[in-house]
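Report on the following structure.
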Amino acid sequence: DVKVTQSSRYLVKRTGEKVFLECVQDMDHENMFWYRQDPGLGLRLIYFSYDVKMKEKGDIPEGYSVSREKKERFSLILESASTNQTSMYLCASSGDRGYGYTFGSGTRLTVV
Amino acid sequence: QQQVKQSPQSLIVQKGGISIINCAYENTAFDYFPWYQQFPGKGPALLIAIRPDVSEKKEGRFTISFNKSAKQFSLHIMDSQPGDSATYFCAATFTKAAGNKLTFGGGTRVLVKP
């Protein structure tokens, strides 16, 4: 069974901390994505990557950065966590020959 | 700005009824329109998708209707079951762009009452 695995289901961090969210996929997909999910706002794209070491800003990149050193791993970094970054974070991947995403189960991040 | 607008935000339907969720998009370059289903505690999963060269696609009890001129598409869930209770997201993408990134609607929480 194909999988996208996010390292943590729940995280609680303090304001100002540097936070790393990890995502690993086992499908040899070229494309990987980070979304945040907030009630009424749906899923908003933070960053995506279509190749190793390649990254592109999504719709809401401010306060975030990403890293993709290996094809299977895509990390989301909150440089200095703030309370307005409290959210559900979803990682997804897709291959170039298909347009469907496979999502991870999400990381619910609370910044206090 | 929100390029894909979804309505309603929530709906309640009786078992056996029809659930209808509507989406409207702005970008005429979009050429692939999937719907995702999300259960609590899980990530969204692809449910059904359509391309703008067809007006309707049906898979089991789920049907997408597509109106290219109005830039609207909708999901119909026929004979709704309690197991269909979930949040549904419409989405759109331009498949020739690098990465095939999806733009999602705001989501609709569907509750099917037994």
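Pairs needed: first member in the range A:33-61, at the interface with chain B (Cβ under 9 Å from one of its Cβ atoms) and assigned to a strand (DSSP E or B); second member anywhere, open to solvent by 20 Å² or more (accessible area, probe 1.4 Å) and of a type in the set (A, V, I, L, M); C-beta distance under 7 Å; at least 6 residues apart or different chains.
A:Gln37/A:Met88; A:Arg44/A:Ile60
Run down B:Phe104, B:Phe66, B:Phe89 and say which single residue is among the aromatic types (Phe, Trp, Tyr) and over 16 Å from B:Ile20 (Cβ atoms).
Just one listed residue meets the conditions, B:Phe104.
Hey, does the range B:24-43 have a residue that's under 13 Å from the mean Cα position of the chain (by Cα), farther than 25 Å from A:Ser105 by Cα and within 14 Å of chain A (Cβ to nearest Cβ)? Before the answer, list the steps.
Residues of the range B:24-43 that are under 13 Å from the mean Cα position of the chain (by Cα), as a first pass: B:24-25, B:32-38.
Now drop any that are not farther than 25 Å from A:Ser105 by Cα, which leaves B:24-25.
Filter once more, keeping what is within 14 Å of chain A (Cβ to nearest Cβ): B:24-25.
Yes; the residues of the range B:24-43 include at least one that is under 13 Å from the mean Cα position of the chain (by Cα), farther than 25 Å from A:Ser105 by Cα and within 14 Å of chain A (Cβ to nearest Cβ).
Across the range A:62-81, which residue is surrounded by the most Cβ atoms within 10 Å (Cβ to Cβ) among those that are in contact (Cβ under 8 Å) with a residue 24 or more places away in the chain and assigned to a loop (DSSP other than H, G, I, E, B)?
Residue satisfying both the conditions and the ranking: A:Ala81.
I'm trying to understand the selection: among the residues of the range A:12-24, which are open to solvent by 30 Å² or more (accessible area, probe 1.4 Å) and under 15 Å from A:Ser87 (Cα atoms)? Break it down stepwise before answering.
So the first thing to find is which residues in the range A:12-24 are open to solvent by 30 Å² or more (accessible area, probe 1.4 Å), and the list is A:12-18, A:20, A:22, A:24.
Of everything in the range A:12-24, those that are open to solvent by 30 Å² or more (accessible area, probe 1.4 Å) and under 15 Å from A:Ser87 (Cα atoms) turn out to be A:Val12, A:Lys13, A:Arg14, A:Thr15, A:Phe20.
Residue check: is B:Ile50 modelled with pLDDT under 95, under 27 Å from A:Arg36 (Cβ atoms) and of a type in the set (Val, Ile, Thr)? Write out each step before concluding.
Numbers: modelled with pLDDT under 95: yes; under 27 Å from A:Arg36 (Cβ atoms): yes; of a type in the set (Val, Ile, Thr): yes.
For B:Ile50, the condition - modelled with pLDDT under 95, under 27 Å from A:Arg36 (Cβ atoms) and of a type in the set (Val, Ile, Thr) - is met.
Pick out the one residue from B:Lys15, B:Lys5, B:Lys96 that is exposed (fewer than 12 other Cβ atoms within 10 Å of the Cβ), in contact (Cβ under 8 Å) with a residue 40 or more places away in the chain and more than 24 Å from A:Ser105 (Cα to Cα).
Working: B:Lys15 fails: exposed (fewer than 12 other Cβ atoms within 10 Å of the Cβ); B:Lys5 fails: exposed (fewer than 12 other Cβ atoms within 10 Å of the Cβ).
None of the other options fit; the residue is B:Lys96.
Mind listing whichever residues of the range A:82-104 are modelled with pLDDT of 95 or more, surrounded by 16 or more Cβ atoms within 10 Å (Cβ to Cβ) and among the polar types (S, T, N, Q)?
Selection gives A:Gln85, A:Thr86, A:Ser87.
Could you list, in sequence order, all residues of the range B:92-114 that are more than 7 Å from every other protein chain (Cβ to nearest Cβ) and of a type outside the set (Ser, Thr, Tyr)? Walk me through it before giving the result.
Going residue by residue through the range B:92-114, those that are more than 7 Å from every other protein chain (Cβ to nearest Cβ) are B:92, B:94, B:96-97, B:103, B:108-114.
Answer for the range B:92-114, where residues must be more than 7 Å from every other protein chain (Cβ to nearest Cβ) and of a type outside the set (Ser, Thr, Tyr): B:Ala92, B:Phe94, B:Lys96, B:Ala97, B:Arg109, B:Val110, B:Leu111, B:Val112, B:Lys113, B:Pro114.
For the range A:91-103, check the following and say yes or no: at least one residue is of a type outside the set (Val, Ile, Thr), in contact with a strand residue (DSSP E or B) (Cβ under 6 Å, 6 or more places away or on another chain) and over 19 Å from A:Gln6 (Cα atoms).
Among the residues of the range A:91-103, at least one is of a type outside the set (Val, Ile, Thr), in contact with a strand residue (DSSP E or B) (Cβ under 6 Å, 6 or more places away or on another chain) and over 19 Å from A:Gln6 (Cα atoms), which makes the answer yes.
The values are calculated or read from the model by the stated rules, or taken from the named source; none is laboratory data. Computed from a prediction, not measured in an experiment: that's the story for all the values here. When we count neighbours, we look across all protein chains shown, and the Cβ atoms used for this are built from the backbone with ideal geometry, even at glycine. SASA here: full protein model, heavy atoms, side chains in, ligands and nucleic acids out. Shrake-Rupley method; radii C 1.70, N 1.55, O 1.52, S 1.80 Å.
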